[in-house]
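These notes concern the structure reproduced below.
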Amino acid sequence: MSANDLALGAAMAAMVAGAAGTVFVADVPRLVISLGVFLLGVAAAFLVMGSPLLAVSQVFVYVGGVLVLVLFALMLSRRGGGERPRVESRHDIGAAVIALGVFLLLTVVLWPSAIDPEPVVVAPEAIGAALLGESLVAFELVGVLLLAALLAVLVIVKGGADR
Amino acid sequence: MTFVWGLLWGLAAVMLIAGGAVVGVWWERKVAGRIQMRLGPQQIGPAGVLQMIADVPKLLFKEDIVPTGADKPVFRYAPLAVFAPVAMSVAVIPFWAGWAPLDSTVGMVFYLAIPSIGVLGILLSAWGSHNTLATIGGLRAAAQMISYEVPRSLAVLSVIILAGSLQPTKVMDAWQWWWVPLTFVGFLVYLIASIAEMNRGPFDLPEAESELVAGYFSDYSGFRWAIFMMGEYGAMISAALFGAAVFLGGYRWLPGVPGLVLFLVIAMLIITVVMWVKWTFPRLRQDHLMTFCWTVLTPLAIVQVVVAGVVALWL
């Protein structure tokens, strides 16, 4: 077992622990820390597998953006009177079923490439060239799609009066 | 072996930041003294230099107070999540031709991405304090830091476009003197956004003492408070070093050791300018702060990116 395998194992252990914490912990700061451990674990796995750009983007977008916004929203919605909000759901079983379904779907789709793992190392320059070269149209379309989604959220949040 | 080296460099970075923070506090008090016609430290040692030796034991030996209502483990360890990313960001700064402590192929993005973990530390410490002032301070810090990341990243992007690489040492190899006038607006945007990122005046709304006591670190004292201070001064040192290197050319002006010395002098000048700004300008209002980011800095940074992109076509 090489040092690389050990590092990958550690990253995966962090991912599993973080994911379990995110599901089973109800206390908000601990939940956010668990989610953070999971996301950093994903970044570490990308790094070990030879995609530093993906690892850094993971930290930039998910830890620095999404996770901060989640915590931000939870803090804004905090009720007064010393009561600590807890994240609880009445739909645990349904959520578990859906999670299992997504897991099965991904397993079935990704299985052909998973049985013969060829390490794919792509240089950051190649990713940049692909995004601004042959995949330019797709890249721009995704951008427009995200913008449309954001505008849709704005419209929904604003409610009926200003629509 | 790589691991041992990494550990040693990590220790060196923490030492550098901690030592730099102690000297920085002394220097800031001297600068503020000159600007505002106050005295600053002058009693202990020549020009008060021994004041910094007196300050450190004071902070270390103060009682470690954890409020009764706080979420104790979160409260205790959140400051580390504020400090660690700052120390990590120093790793990719190119100090010498072809050499950075961690010469990563994506170092420029690494430098921009890592401090965003610090935002999480600030939010967690604010939450852990379980205190209204801390909560408001934490919310302000998060809003401010994720907003100012945008113009900051765009400003650095202009240099990345000109150099055609994400690797800091390669950027330094490609650096030309005429990039300084070309990216000067970008440098100013970078500097202003960096001041906002490190929550220093005039952008220190999250810790505004006149309204929020000290914001997200109201409840901290002793060495945990000192970790926040180390984070703030460390962010200033790191931002100054990075700006001095990629925007102002760093060691490229002179060959060999004089180049390194000049690089450090430029960084210290930037640090002094940051302090000068803090002690000269009054604090902004929260909505002005956000408006300034989205309607002034971000468009300026985009214009800078376009200029760099057009020039890069002719390179």
* Could you tell me whether any residue of segment B:261-269 is over 17 Å from B:Leu191 (Cα atoms) and part of a helix (DSSP H, G or I)? => yes
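Have a look at B:Phe3, B:Phe61, B:Phe75 and point out the one that is farther than 21 Å from B:Ala240 by Cβ and touching an Asp or Glu at 6+ places or on another chain (Cβ under 8 Å).
Exactly one of B:Phe3, B:Phe61, B:Phe75 is farther than 21 Å from B:Ala240 by Cβ and touching an Asp or Glu at 6+ places or on another chain (Cβ under 8 Å), namely B:Phe75.
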* To do: Test B:Leu120 against the stated conditions and say whether it is closer than 14 Å to B:Ala214 by Cα, in a helix (DSSP H, G or I) and not small (Gly, Ala, Ser).
  => no
* Options B:Leu289, B:Leu300, B:Leu260: the member that is closer than 15 Å to B:Val159 by Cα and within 22 Å of the chain's Cα centre (by Cα) -> B:Leu300
* To do: Could you please give the count of residues in segment A:14-33 that are touching a residue at least 12 places away in the same chain (Cβ under 8 Å), within 11 Å of another protein chain (Cβ to nearest Cβ) and open to solvent by 50 Å² or more (accessible area, probe 1.4 Å)?
  => 1
* Asked: Does B:Ala163 satisfy the condition of being at pLDDT below 90 and surrounded by 24 or more Cβ atoms within 10 Å (Cβ to Cβ)?
  -> no
* Could you list all residues from segment B:178-216 that are at pLDDT 85 or above and either in a loop (DSSP other than H, G, I, E, B) or touching a His at 6+ places or on another chain (Cβ under 7 Å) (or both)? => B:Trp178, B:Thr183
* For segment B:91-98, state whether one or more residues are of a type in the set (Phe, Trp, Tyr), touching a residue at least 40 places away in the same chain (Cβ under 8 Å) and not in a helix (DSSP H, G or I). => yes
* Structure fact -> Conditions (1) open to solvent by 10 Å² or more (accessible area, probe 1.4 Å); (2) in a loop (DSSP other than H, G, I, E, B); (3) in contact (Cβ under 8 Å) with a residue 60 or more places away in the chain -> B:Leu157 fails only (2)
* Quick check: anything in segment A:62-69 more than 9 Å from chain B (Cβ to nearest Cβ), within 29 Å of A:Glu125 (Cβ to Cβ), at pLDDT 85 or above and surrounded by 16 or more Cβ atoms within 10 Å (Cβ to Cβ)? -> yes
* Asked: Which residues, taken from segment B:114-131, are touching a Leu at 6+ places or on another chain (Cβ under 9 Å), open to solvent by 20 Å² or more (accessible area, probe 1.4 Å) and more than 7 Å from every other protein chain (Cβ to nearest Cβ)?
  -> none
* Quick check: anything in segment B:70-82 closer than 25 Å to B:Ser218 by Cβ, aliphatic (A, V, I, L, M) and either surrounded by fewer than 18 Cβ atoms within 10 Å (Cβ to Cβ) or without any contact (Cβ under 8 Å) to a residue 24 or more places away in the chain (or both)? -> yes
* Asked: So B:Gly40 clears everything in (1) farther than 24 Å from B:Ile271 by Cα; (2) open to solvent by less than 40 Å² (accessible area, probe 1.4 Å); (3) in a loop (DSSP other than H, G, I, E, B) except one condition, right? Which one?
  -> (1)
* Among the residues of segment B:105-116, is there at least one that is within 19 Å of B:Val14 (Cβ to Cβ) and touching a residue at least 40 places away in the same chain (Cβ under 8 Å)? -> yes
* Among the residues of segment B:104-113 satisfying the criterion of being open to solvent by 10 Å² or more (accessible area, probe 1.4 Å) and either part of a helix (DSSP H, G or I) or modelled with pLDDT under 80 (or both), which is farthest from the other protein chains (Cβ to nearest Cβ)? -> B:Leu112
* Structure fact -> Taking segment A:34-45 and keeping only residues that are within 11 Å of chain B (Cβ to nearest Cβ) and either among the aliphatic types (A, V, I, L, M) or out of contact with any Gly (no Cβ under 8 Å at 6 or more places or on another chain) (or both), one is left with A:Leu35, A:Leu39, A:Leu40, A:Ala43
* Asked: Within segment B:145-154, how many residues are within 10 Å of chain A (Cβ to nearest Cβ) and surrounded by fewer than 22 Cβ atoms within 10 Å (Cβ to Cβ)?
  -> 2
* Which of the following residues is more than 20 Å from B:Thr298 (Cα to Cα) and facing another protein chain (nearest Cβ under 9 Å): B:Ala97, B:Ala78? -> B:Ala78
* Asked: Taking the condition at the interface with chain A (Cβ under 10 Å from one of its Cβ atoms) and open to solvent by less than 20 Å² (accessible area, probe 1.4 Å), does B:Ala142 pass?
  -> yes
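The values are calculated or read from the model by the stated rules, or taken from the named source; none is laboratory data. Computed from a predicted structure; not experimentally measured. Glycine also receives a Cβ, built like all others from the backbone with ideal geometry; neighbour counts cover every protein chain displayed. Quick note on the areas: whole protein, heavy atoms, side chains included, nothing else; ligands and nucleic acids left out. Shrake-Rupley method; radii C 1.70, N 1.55, O 1.52, S 1.80 Å.
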